[in-house]
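The values are calculated or read from the model by the stated rules, or taken from the named source; none is laboratory data. Since we're looking at a predicted model, the values are computed, not measured. Neighbour counts are summed over all protein chains in view; Cβ atoms, including those assigned to glycine, are modelled from backbone coordinates with ideal geometry.
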Amino acid sequence: MGEADEAKVRLEPWGEDDFWLLRLHNSPEMTEHLGGPESEEKLAERHRRYLELPAGGMYRVVTADDGRTAGAIGFWERPWPEGTVWETGWAISPGFQGRGLAAAAARAVMGRARAAGRHRFLHAYPRVEHTASNAVCRRAGFTLRGTVAFEYPKGNPITSNDWYADLGTESPGGE
């Protein structure tokens, strides 16, 4: 993580008490590009998956200046045509958006994925229409590979951009 990132955010491991953040992010506005809000049962399943990731990690994004929780980010394994890769995804709470926290957190999670070893590439797959998340990928130093078809959630076809970071190289600089 670069100095500018350290001045903005720190990543704290996801814990039992972090379920509230999933509820907070389960609004129509926050889930517009993810298929809409989930049921309480689905949120509980997601929380359990976050706590029990077999590889990778899920984190709360905490502001470095005042220690407030600004969102969540993580990385996990995904099978991909060239082999298993790391995938990342994030959500920054509305009151914290527009401050560069998502890009700082994405660079920080790149460092965590690099340190974990295992896979050379970290991918992010925001929907093509999700301007803000695509901008985060660009500012965080990901490279756009092209578009891909997904079902997310299952049964809901979407087109996403495939952004990737080569973890075999040095961390990208600046925003």
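Miscellaneous remarks
- One residue alone among H130, H119 is more than 20 Å from E32 (Cβ to Cβ) and not basic (K, R), and that residue is H119.
- With respect to (1) in contact with a Pro (Cβ under 9 Å, 6 or more places away or on another chain); (2) at positive phi, the lone exception for E38 is condition (2).
- For segment 56-65, filtered to residues that are surrounded by fewer than 23 Cβ atoms within 10 Å (Cβ to Cβ) and not basic (K, R), the residue that is farthest from R112 (Cα to Cα) is D65.
- The single residue among E40, E77 that is over 23 Å from A132 (Cα atoms), at pLDDT 95 or above and not aromatic (F, W, Y) turns out to be E77.
- Hits in segment 9-35 (condition: in a helix (DSSP H, G or I) and among the basic types (K, R)): R23
- When segment 81-98 is filtered for residues that are in contact (Cβ under 8 Å) with a residue 60 or more places away in the chain and buried (at least 17 other Cβ atoms within 10 Å of the Cβ), the ones remaining, listed by number, are V85, W86, A91, S93.
- If you check L43, L53, L21 for being closer than 14 Å to A91 by Cα and of a type outside the set (S, T, N, Q), only one passes: L21.
- Any hit, segment 36-54, residues being assigned to a loop (DSSP other than H, G, I, E, B) and within 18 Å of A102 (Cα to Cα): no
- Taking the numbered list (1) without any contact (Cβ under 8 Å) to a residue 60 or more places away in the chain; (2) in contact with a Gly (Cβ under 7 Å, 6 or more places away or on another chain) in turn, H119 passes all entries but (2).
- Unique residue being under 19 Å from Y50 (Cα atoms), surrounded by fewer than 22 Cβ atoms within 10 Å (Cβ to Cβ) and not hydrophobic (A, V, I, L, M, F, W, C) when the list is R68, R127, R78: R78
- Single match in T159, T143, T131, T147 (criterion: of a type in the set (V, I, T) and free of Cβ contacts under 8 Å to residues at least 12 places away in the same chain): T131
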